[in-house]
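Read-outs throughout are calculated quantities, based only on the coordinates presented, and are distinct from any laboratory measurement. All values derive from a computational prediction rather than experimental measurement. Please note: Cβ atoms are built from the backbone with ideal geometry, for glycine as well, and neighbour counts cover all protein chains shown.
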Amino acid sequence: MEETGKIFIILFAFGGFLLASYIRGKKRAEKPLVCPLEGSCEEVVHSRYSTLFGIPLETWGMLYYGATSIAYAFFLLFPELTPSFAPYALLLTSAFAFLLSMYLTSIQAFFIHHWCTWCLFSAGISTIIFLLGVAILNQNILLSLLK
């Protein structure tokens, strides 16, 4: 399960990176962001809530998803080089990303009153990465207790 979970995290994180890159590219080119499912992506990604510490959220997303994908790939390929704190650090990072996604989803609902389908996909990806990280860590804890 652990290797399979890591592979799924790598794939979801890579997908999240591509999604954040797509949003960033459209914004930089000043082209309209086509939102599937009749969402209002333009309203959301250009709102006053679209930055964190002055940095666009899609840039944060690219950093998070890229670093997550690389870290899990590295630890999958080189498990002997994995520091003992790494699974906890990765889980903490994904927990922060999950909570930030939930906060931003509530911003769409209660303040912007528009939905960005791409942003909701990203929130879903963050949730999946977090839940897989929890499952991997729980499995490792259980296995260490059984030894």
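For the stretch 1-31, taking the residues that are basic (Lys, Arg) and crowded, with 17+ Cβ neighbours inside 10 Å, the one that is farthest from Met62 (Cα to Cα) is identified as Lys6.
Quick grid of which residues meet (1) of a type in the set (Ser, Thr, Tyr); (2) in contact with a helix residue (DSSP H, G or I) (Cβ under 9 Å, 6 or more places away or on another chain):
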{"residue": "Tyr49", "(1), (2)": "yes, yes"}
{"residue": "Pro56", "(1), (2)": "no, yes"}
{"residue": "Thr59", "(1), (2)": "yes, yes"}
{"residue": "Tyr72", "(1), (2)": "yes, yes"}
{"residue": "Glu80", "(1), (2)": "no, no"}
{"residue": "Ala89", "(1), (2)": "no, yes"}
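Tallying residues that are over 17 Å from Ile129 (Cβ atoms), free of Cβ contacts under 8 Å to residues at least 24 places away in the same chain and not charged (D, E, K, R) within the stretch 1-29 yields 2.
Would you mind stating whether Ile136 is over 29 Å from Glu38 (Cα atoms), out of contact with any helix residue (DSSP H, G or I) (no Cβ under 9 Å at 6 or more places or on another chain) and of a type in the set (Val, Ile, Thr)? Answer is no for this residue. Scanning the stretch 43-93 for residues that are exposed (fewer than 14 other Cβ atoms within 10 Å of the Cβ) and under 17 Å from Gly15 (Cα atoms) turns up just one, Leu63.
Across the stretch 112-136, the qualifying residues are those that are of a type outside the set (Val, Ile, Thr) and without any contact (Cβ under 8 Å) to a residue 40 or more places away in the chain, and the one among them that is farthest from Glu2 (Cα to Cα) is His113. Restricting attention to the stretch 32-42, the residues being crowded, with 16+ Cβ neighbours inside 10 Å, part of a helix (DSSP H, G or I) and over 20 Å from the mean Cα position of the chain (by Cα) number 1.
A single entry from Tyr65, Tyr22, Tyr49 fulfils the requirement of being assigned to a helix (DSSP H, G or I) and more than 20 Å from Ile7 (Cβ to Cβ): Tyr22.
Count of the stretch 1-40 residues, restricted to those that are charged (D, E, K, R) and over 30 Å from Leu91 (Cβ atoms), is 6. Step by step: first the residues of the stretch 99-114, then only those that are over 11 Å from the mean Cα position of the chain (by Cα) and within 18 Å of Gly16 (Cα to Cα), then the one that is surrounded by the fewest Cβ atoms within 10 Å (Cβ to Cβ). Which residue is that? If we take residues in the stretch 99-114 being over 11 Å from the mean Cα position of the chain (by Cα) and within 18 Å of Gly16 (Cα to Cα), then Tyr103 is surrounded by the fewest Cβ atoms within 10 Å (Cβ to Cβ).
Here the condition is being part of a helix (DSSP H, G or I), free of Cβ contacts under 8 Å to residues at least 12 places away in the same chain and not acidic (Asp, Glu); of Ala109, Ala97, it holds for Ala109 alone.
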